[in-house]
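The values are calculated or read from the model by the stated rules, or taken from the named source; none is laboratory data. On a predicted model such as this, the values are computed, not experimentally measured, just so you know. As a convention, Cβ positions derive from the backbone with ideal geometry for all residues, glycine included, and neighbour counts pool all protein chains shown. These accessible areas exclude ligands, DNA and RNA; they are computed on the full protein's heavy atoms, side chains included. Shrake-Rupley method; radii C 1.70, N 1.55, O 1.52, S 1.80 Å.
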Amino acid sequence: PDFTVPVARLHLERGLDAGRYLYEGKVFRASPGEPQRPEEFLQIGLERFDVGGASAQADAEIVALAWRASVAGGRDDLSLWLGDIALFSAFVDGLDLTPALAARLKRAAARPRLLQAELARAGEAPAAVEPGGLAGLLAGLSPKDAGRMLQEVWALAGIEPVGGRGPAEIAERLIRRAEAASAPALTLDQAEALRRFLAIEAEPADALEAVASLAGPKSKALKAALKGWTGRLAHLAEAGVPIAHARFATALGHAFDYYDGLTFEVRSAALGADRPIAVGGRYDGLPTRLGGPAEARAVGCMVRPRRALSEDAA
């Protein structure tokens, strides 16, 4: 369903600090809102990996290439939409939430249904968690000991684990989920602040100004993230991206949960918001989760060529 993860693995296996990759291939994925109607389609994509360096310049390069690829299909109804998962995370940090609740909200950043569920339960008491479950048994142990216990459970059950996550990481995720489930809900005031943040949609400069107006006394991280966008917009304009006609939406996220910074889409008015031509963003945390260095930087995009073609070209 996705090429970004295997390309990231390939890059890490090569042991390189920096790398730029172009790929083309078919993916198989369910359509948004229509899980019963999966489709196979051709996509092309770009992934850029660095260690440290100027992220804003790399962002501008990828966004500009995605825009140029989309325009090449001959459509004259395109628009660029920008967002930032890191901006959402910084706003959440300024709400003075419990660590478990803040982590739960950040994990839901790209999932509109999960976010709406969190907003809907604002003011409720913490959920009751059944004692004695697997997560309860693992809680209180070190990651190493929790992983060892999980391996023993697998052995007793005759389970052969598959995939890239080790037992320690799986145990940690189980414990974190149990803690998150028992975390208190948002207060009504916190939920209203989030609703106001997520409702922002305007030209980039106006949208960022609206975000700044919501900053509270504990919004140091949010103010730093907003300052970074000043430079990012300048780099985007220099790269030929039509910033004057772009839109910034604080709620813009993607289906894959590895995005943790800039997000963007190129949309066609004829196709609608649910069928973007190009999608991309920054995912610095993914290479680290796959065993790369902590200072890894990554940004990429994918383009669907068939959607980019105008009716005349098709």
Q: For residues that are assigned to a loop (DSSP other than H, G, I, E, B) and small (Gly, Ala, Ser), scanning just the range 248-259, find the one that is most open to solvent (accessible area, probe 1.4 Å).
A: ALA255
Q: Take the range 216-247 and flag every residue that is within 12 Å of ALA90 (Cβ to Cβ) and open to solvent by less than 30 Å² (accessible area, probe 1.4 Å).
A: GLY216, SER219, LEU222, ALA225, LEU226, TRP229
Q) Out of all the residues in the range 48-68, is one or more open to solvent by less than 20 Å² (accessible area, probe 1.4 Å), in contact (Cβ under 8 Å) with a residue 40 or more places away in the chain and of a type in the set (S, T, N, Q)? A) no
Q | Qualifying residue in the range 33-40 (condition: surrounded by 12 or more Cβ atoms within 10 Å (Cβ to Cβ), part of a strand (DSSP E or B) and either in contact (Cβ under 8 Å) with a residue 40 or more places away in the chain or not aliphatic (A, V, I, L, M) (or both)) | A | no
Q. Which one of these does PRO1 not meet: (1) within 22 Å of GLY300 (Cβ to Cβ); (2) surrounded by 13 or more Cβ atoms within 10 Å (Cβ to Cβ)?
A. (2)
Q: Collect the residues in the range 257-293 that are over 22 Å from ILE44 (Cβ atoms) and of a type in the set (Ser, Thr, Tyr), keeping them in residue-number order.
A: THR288
Q. In the range 277-306, what residues are over 19 Å from the mean Cα position of the chain (by Cα) and either without any contact (Cβ under 8 Å) to a residue 60 or more places away in the chain or closer than 17 Å to ILE85 by Cα (or both)?
A. none
(Q) Suppose the filter is open to solvent by 10 Å² or more (accessible area, probe 1.4 Å) and either aliphatic (A, V, I, L, M) or in contact (Cβ under 8 Å) with a residue 40 or more places away in the chain (or both); does LEU262 pass it? (A) no
